[in-house]
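Below is one structure; the comments refer to it alone.
The values are calculated or read from the model by the stated rules, or taken from the named source; none is laboratory data. Computed from a predicted structure; not experimentally measured. Don't worry about glycine lacking a Cβ; one is built from the backbone with ideal geometry, like all the others, and counts go over all protein chains shown. Quick note on the areas: whole protein, heavy atoms, side chains included, nothing else; ligands and nucleic acids left out. Shrake-Rupley method; radii C 1.70, N 1.55, O 1.52, S 1.80 Å.
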Amino acid sequence: DGTAFPVEYVSTPISEAGNVVGAVVVFRDTTARRETELALKASEERLEMVIQGSTDGFWDSQPLPNEPWSSPRTPIWFSPRVRSMLGYTAEEFPDVLESWLSRLHPDDRERVVNAISAHIERRVPYDEEYRLLTKSGDYHWVRARGQAIWDADGRVIRMSGSVQSIMERKRAED
């Protein structure tokens, strides 16, 4: 009917006695894939706008195979806001659990790690307030919330969440 639509194609020459005598050409309609790619791009752009427009920091982690979630090597993506809240660069605060663990205030560490364990093991909501060491050597109060995803066997496969500065509130309480 004359309607244009996106396609991809593959062609293979047909040879006879060393001469190309024809070709097999296969065309595939890629409309559905293109629509999916556009929807994904729009979703990614929307999420990036939300992240950029928020005063909260965000994080996303996935445990390494055959290692506990608490392994210092566990990869965690930290949004730029997490680092700027604490004054670090990406090089100073790499995307691994140890970056966060090593900066937890000693008085908060056991409680916060236990809260994450309770969320992962018993699905207790994760919503904690604690202090993190800043580059300047002070501690910054934050409120962190998170949500895990478990596989069919009950093993955590991912956990993501947010970090919100609560410094002003803590100053007012003091």
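Mind listing just one residue for me: the one in region 1-51 that is more than 30 Å from Ser79 (Cβ to Cβ) and in a helix (DSSP H, G or I) and, of those, farthest from the chain's Cα centre (by Cα)? I'd like the intermediate steps shown before the answer.
In the first step, residues of region 1-51 are kept if they are more than 30 Å from Ser79 (Cβ to Cβ); the result is 1-32.
Next, only the ones that are in a helix (DSSP H, G or I) stay: 31-32.
Working: Thr31: 29, Ala32: 27 Å.
Step by step, filter region 1-51, then rank; the result is Thr31.
Of the conditions (1) more than 20 Å from Met167 (Cα to Cα); (2) under 15 Å from the mean Cα position of the chain (by Cα); (3) assigned to a helix (DSSP H, G or I); (4) not aliphatic (A, V, I, L, M), Arg81 clears all except one; give me its number.
(1)
Consider Trp100 carefully, then state whether it is modelled with pLDDT of 95 or more, part of a strand (DSSP E or B) and either open to solvent by 70 Å² or more (accessible area, probe 1.4 Å) or of a type in the set (A, V, I, L, M, F, W, C) (or both).
Values: modelled with pLDDT of 95 or more: yes; part of a strand (DSSP E or B): no; either open to solvent by 70 Å² or more (accessible area, probe 1.4 Å) or of a type in the set (A, V, I, L, M, F, W, C) (or both): yes.
Spelling it out, it is not the case that Trp100 is modelled with pLDDT of 95 or more, part of a strand (DSSP E or B) and either open to solvent by 70 Å² or more (accessible area, probe 1.4 Å) or of a type in the set (A, V, I, L, M, F, W, C) (or both).
Checking His119 against (1) open to solvent by 20 Å² or more (accessible area, probe 1.4 Å); (2) farther than 24 Å from Thr55 by Cα; (3) touching a residue at least 24 places away in the same chain (Cβ under 8 Å), only one condition comes out false. Which one?
It is condition (1) that His119 fails.
So if I check each of Thr36, Thr31, which one is in contact with a Pro (Cβ under 7 Å, 6 or more places away or on another chain) and at pLDDT below 95?
Working: Thr36 fails: in contact with a Pro (Cβ under 7 Å, 6 or more places away or on another chain).
None of the others qualify; the one that does is Thr31.
With respect to Ser79, determine if the residue is open to solvent by less than 20 Å² (accessible area, probe 1.4 Å), among the small types (Gly, Ala, Ser) and either free of Cβ contacts under 8 Å to residues at least 12 places away in the same chain or within 28 Å of Arg155 (Cα to Cα) (or both).
Details: open to solvent by less than 20 Å² (accessible area, probe 1.4 Å): yes; among the small types (Gly, Ala, Ser): yes; either free of Cβ contacts under 8 Å to residues at least 12 places away in the same chain or within 28 Å of Arg155 (Cα to Cα) (or both): yes.
Answer is yes for this residue.
For a quick check of your reading of the model, give me the residue pairs whose first member lies in region 6-23 and is without any contact (Cβ under 8 Å) to a residue 12 or more places away in the chain, whose second is part of a strand (DSSP E or B) and among the small types (Gly, Ala, Ser), with beta-carbon atoms closer than 8 Å and at least 6 apart or on different chains.
Pro13/Gly22; Pro13/Ala23; Ile14/Gly22; Ile14/Ala23; Val21/Ser15
Report whether or not Pro63 is in a loop (DSSP other than H, G, I, E, B) and either without any contact (Cβ under 8 Å) to a residue 60 or more places away in the chain or open to solvent by 40 Å² or more (accessible area, probe 1.4 Å) (or both). Steps first, answer last, please.
On the way: in a loop (DSSP other than H, G, I, E, B): yes; either without any contact (Cβ under 8 Å) to a residue 60 or more places away in the chain or open to solvent by 40 Å² or more (accessible area, probe 1.4 Å) (or both): no.
Here the answer is no, as Pro63 does not meet what is asked.
Test Arg28 against the criterion of being open to solvent by 60 Å² or more (accessible area, probe 1.4 Å) and more than 29 Å from Gly161 (Cα to Cα), and give yes or no.
Details: open to solvent by 60 Å² or more (accessible area, probe 1.4 Å): yes; more than 29 Å from Gly161 (Cα to Cα): yes.
Criteria met by Arg28.
Since Ser165 meets every condition but one in (1) within 18 Å of Thr55 (Cβ to Cβ); (2) open to solvent by less than 40 Å² (accessible area, probe 1.4 Å); (3) among the hydroxyl-bearing types (Ser, Thr, Tyr), which condition does it not meet?
Here Ser165 meets the rest and fails (2).
What single numbered condition from (1) touching a Phe, Trp or Tyr at 6+ places or on another chain (Cβ under 7 Å); (2) part of a helix (DSSP H, G or I); (3) within 21 Å of Met167 (Cα to Cα) fails to hold for His119?
Of (1) touching a Phe, Trp or Tyr at 6+ places or on another chain (Cβ under 7 Å); (2) part of a helix (DSSP H, G or I); (3) within 21 Å of Met167 (Cα to Cα), only one is false for His119: (3).
Might you check whether a residue that is open to solvent by 60 Å² or more (accessible area, probe 1.4 Å), under 30 Å from Thr12 (Cβ atoms) and not basic (Lys, Arg) occurs anywhere in region 36-47?
Yes, region 36-47 has at least one match.
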